[in-house]
Amino acid sequence: MKDRQLAQHAALVEAAIASGHAAKSAVVASWCRSLRLHHLNPEGKRTPVRLSEAELRQACARAEPLLHAARPVMDRLYQAVGASGCCVLLAGDDGIPVARRGAAGDDPTFESWGLWTGAVWSEQHEGTNGIGTCLVEKRPLTIDRDQHFFTRNTLLSCTAAPIYDQDAKLAGVLDVSSCRADRTEGFADLITLAVTEAARRIEADIFRAAFPKARIVLTPPLDGNGGGLLAIDADDLVVGATRSARLALGLAPDRAFRAVPAADLLGGPGAAQEQFDDVERSILQRALLRADGNVSAAAKALGVSRATLHRKLKRFEIKPH
């Protein structure tokens, strides 16, 4: 990249920071952190820091639950966006990609840009960028071309969404990156939707794997987003809740979750309780159908006692056939 371009972008970053717009713009706020907190120079020319093979293996081992849930989702996401010249990256909570999907023909280009497993994309190291800034902002975002802090990254467009684990803790980031100059606003919107939905699917799979014996119940959608998930044990105690569920139910997402009776959490005859009842009724009916009406077999499949199942059937006025 020419020295003139380096200087122009650096001047743009410094002018935006000096303007005091950090309170109004997430990008400018990130530029401020990059310059003042992390002491980075927008004209920096070095490529991203990369882990050794041994360090990458350790990072992958730490992220194994995330990797296990993400692999099939990344495959489907790449099938949707790969033909348009994008690559898909999964990074841990340290901003280091531990898995990637991309076309073999594009690999040399993406590897030269650092869009590769083992590269360090934290904001501390790379300034404003999709993965690192998503980890700081904790929300889906796009860092498009000259919104990046480093001038050398201004040919990239990166859309990222955070992934939370079963304890509502930030586990990592799902990212789709491209270096195509013809990326349109409409296409960017589709990428944002695809990445966000894929991240939610990964969260759901992590949550289900963490509570294999619990019944999984949906909570109502919040602010146009999909509903969260609750894990309910055989005693009708809610033993787990995704971050989306906690927000929907007014629970602090950053506190340890304590088991609570489902009826207490979901309240009285409101919409949440009605939805919970509908889902539970459906679960009971399916269990009975699969057991050909055998209450004992259905109770075993649900992981509850025969007496508990009889009580639930009576409550919902379900008669075994």
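The values are calculated or read from the model by the stated rules, or taken from the named source; none is laboratory data. These numbers were taken from a predicted model, which means no experiment stands behind them. Cβ placement follows ideal geometry from the backbone for every residue including glycine, while neighbour counts extend to all protein chains displayed.
Here Ala91 meets each of (1) in a helix (DSSP H, G or I); (2) buried (at least 18 other Cβ atoms within 10 Å of the Cβ); (3) within 20 Å of the chain's Cα centre (by Cα) with one exception, condition (1).
Filtered by the rule that a residue be surrounded by fewer than 16 Cβ atoms within 10 Å (Cβ to Cβ), modelled with pLDDT of 80 or more and assigned to a helix (DSSP H, G or I), the stretch 13-59 gives Ala15, Arg36, Leu37, Glu53, Ala54, Glu55, Arg57, Gln58.
Could you grab me the full set of residues in the stretch 67-88 that are part of a helix (DSSP H, G or I) and under 19 Å from Cys158 (Cβ atoms)? Ala70, Val73, Met74, Leu77, Tyr78, Ala80, Val81, Gly82, Ala83, Ser84 - these are the residues of the stretch 67-88 that are part of a helix (DSSP H, G or I) and under 19 Å from Cys158 (Cβ atoms). Scanning the stretch 60-83 for residues that are at pLDDT below 95, in contact with a helix residue (DSSP H, G or I) (Cβ under 7 Å, 6 or more places away or on another chain) and more than 20 Å from Ala210 (Cα to Cα) turns up Ala80, Val81.
Matching residues to (1) assigned by TED's automatic domain parsing to the domain that holds Arg180; (2) touching a helix residue (DSSP H, G or I) at 6+ places or on another chain (Cβ under 9 Å); (3) at pLDDT 95 or above; (4) closer than 18 Å to Ala188 by Cα:
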position: Ala99; (1), (2), (3), (4): yes, yes, yes, no
position: Gly105; (1), (2), (3), (4): yes, no, no, no
position: Phe110; (1), (2), (3), (4): yes, no, no, no
position: Thr117; (1), (2), (3), (4): yes, yes, yes, no
position: Val120; (1), (2), (3), (4): yes, yes, yes, no
position: Glu123; (1), (2), (3), (4): yes, yes, yes, no
position: Ile131; (1), (2), (3), (4): yes, yes, yes, yes
position: Val136; (1), (2), (3), (4): yes, yes, yes, no
position: Asn153; (1), (2), (3), (4): yes, yes, no, yes
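Conditions tested, residue by residue: (1) in a strand (DSSP E or B); (2) within 22 Å of Leu66 (Cβ to Cβ); (3) modelled with pLDDT under 85.
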{"site": "Ala231", "(1), (2), (3)": "yes, yes, no"}
{"site": "Ala234", "(1), (2), (3)": "no, no, no"}
{"site": "Phe257", "(1), (2), (3)": "no, yes, no"}
{"site": "Leu265", "(1), (2), (3)": "no, no, yes"}
{"site": "Gln285", "(1), (2), (3)": "no, no, no"}
{"site": "Gly293", "(1), (2), (3)": "no, no, no"}
{"site": "Ser296", "(1), (2), (3)": "no, no, no"}
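Within the stretch 179-227, the only residue that satisfies the criterion of being in contact with a Lys or Arg (Cβ under 7 Å, 6 or more places away or on another chain) and either modelled with pLDDT under 90 or not hydrophobic (A, V, I, L, M, F, W, C) (or both) is Gly226. Within the stretch 167-184, track down each residue that is acidic (Asp, Glu) and surrounded by 14 or more Cβ atoms within 10 Å (Cβ to Cβ). Listed by number, the residues that qualify are Asp167, Asp175.
Within the stretch 185-224, the set of residues being over 30 Å from Leu309 (Cα atoms), assigned by TED's automatic domain parsing to the domain that holds Leu266 and surrounded by fewer than 14 Cβ atoms within 10 Å (Cβ to Cβ) comprises Asp223, Gly224.
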